[in-house]
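A.B. asks: A single structure is presented below for examination.
The values are calculated or read from the model by the stated rules, or taken from the named source; none is laboratory data. Predicted model only: the values in this text are computed from it and were never measured. Because the Cβ atoms are built from the backbone with ideal geometry, glycine has one as well, and the counts that use them run over all protein chains shown.
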Amino acid sequence: MILQEMLAEIPRLTPYERLLLLEAVSRSLREELTPGQIAAREATVERLFGALRPEGHPPTDEELREGYTDYLSKKYS
């Protein structure tokens, strides 16, 4: 069956059959994703973890509040 024939048949399917078709296509695509591709994505996330970490201790809530207050007072003065 060619693609055009399959596309023409889809509207004739019951909702349940269309759902089964959708799940089959989804499963097929997941199987094509090799573990290597998934591992590469995870490695990228691990490499980026902490990339934006500030040097020293993270600012306290009070320090953040003061910094934001200073920013606003400079902006509107």
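A.B. asks: Those residues that are in a helix (DSSP H, G or I) and surrounded by 10 or more Cβ atoms within 10 Å (Cβ to Cβ), I need them from the stretch 43-77; list them, please. Spell out how you get there, then give the answer.
C.D. replies: We begin by selecting, within the stretch 43-77, every residue in a helix (DSSP H, G or I); these are 43-48, 61-75.
A43, T44, E63, L64, R65, E66, G67, Y68, T69, D70, Y71, L72, listed by residue number.
A.B. asks: Restrict the check to the stretch 20-35 and report whether at least one residue is modelled with pLDDT under 75 and not in a loop (DSSP other than H, G, I, E, B).
C.D. replies: Looking for residues that are modelled with pLDDT under 75 and not in a loop (DSSP other than H, G, I, E, B), one finds at least one in the stretch 20-35, hence yes.
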